[in-house]
Amino acid sequence: WSSDVCSSDLITPAKIIVIELNGADSLALLTIKGIGPAFAHRILEMRQKLGGFVSKTQLLEIYGIDSEKLAAIEDQISINKSLVKQLNINKVSFKELNNHPYLNYNQVKAIVGYREKIGPIKNVSDLINLEGFNENDIEKLAPYLSVK
């Protein structure tokens, strides 16, 4: 033992740095142990398409991230839901809605069709009354859509 090394220094666990996914840039993502340039790029791409993450499990939707990978990085990440960007379904264009990964073409057609024929949608949960939507869809979409 060297006299300048205390034995307690050897057993101190490394401090885990937690990266907030909705505000992080690619350099911050690269500090996550297990995330390289390709994953950092895919995470940023998915965040951009979604408008942000509301759950860590959404990372499983990214190519190459499985439950094992998620388990390895999960303690190093956090999510600030207040940073999620919402789309106003009564105002955004067909194209903008159609770009959202949780909406398919027919669902977007139903939303825009309703807006044109009947008027503004009063509540995101009202989408359940449109063709092509089920409870799961509404639950998944709710954090990303607004009516105001």
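The values are calculated or read from the model by the stated rules, or taken from the named source; none is laboratory data. Computed from a prediction, not measured in an experiment: that's the story for all the values here. Cβ atoms come from the backbone with ideal geometry, glycine included; neighbour counts cover every protein chain shown. When the accessible area is computed, the model is the full protein with side chains, heavy atoms only, and any ligands, DNA or RNA have been set aside. Shrake-Rupley method; radii C 1.70, N 1.55, O 1.52, S 1.80 Å.
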Exercise for the section: Quote the FRET efficiency, to the nearest 0.05, computed for Asn134 versus Asp25 with a Förster distance R0 of 30 Å and r equal to the Cβ-Cβ distance. Expected result: 0.25
Handout entry: Nitroxide proxy distance, nm - points 7 Å out along Cα→Cβ at Asn99 and Gln76
Key = 3.0
Practice task
State in Å² the accessible area per residue of the chain; use a 1.4 Å probe, count heavy atoms of protein chains only, and round to the nearest integer.
Solution key: 64
Completion exercise
Within segment 91-109, the residues whose backbone N lies under 17 Å from a label point placed 7 Å from the Cα of Asp126 along the Cα-to-Cβ direction are 91-92, 108-109
Completion exercise
Residue-normalised 222 nm signal for the chain, counting each DSSP H run of n ≥ 4 as -39,500 (n - 2.57), nearest 500 deg cm²/dmol, is -10000 deg cm²/dmol
Handout entry: Lys56 versus Ile17: modelled label distance in nm, points set 7 Å from Cα along the beta carbon direction
Key = 1.9
Fill in the blank from the handout: So the carbon and sulfur contribution to the accessible area of segment 85-148, 1.4 Å probe, in percent, is 48
Completion exercise
Log10 I(q)/I(0) at q = 0.14, 0.16, 0.19 Å⁻¹ for the chain, from Debye over equal alpha-carbon scatterers, is -0.75, -0.89, -1.09
Handout entry: At 1.002 mPa s and 20 °C, Stokes D of segment 71-120 from Kirkwood alpha-carbon radius, µm² per second
Key = 164
Practice task
Please list the non-local residues whose amide H lies under 5 Å from the amide H of Leu87, H modeled 1.01 Å from N, same-chain partners needing a gap of 5 or more.
Solution key: Leu145, Ser146
Practice task
Among the lysines, select those whose C-alpha is under 17 Å from the C-alpha of Lys81, and discard any that sit fewer than 8 residues away in the same chain.
Solution key: Lys49, Lys56, Lys140
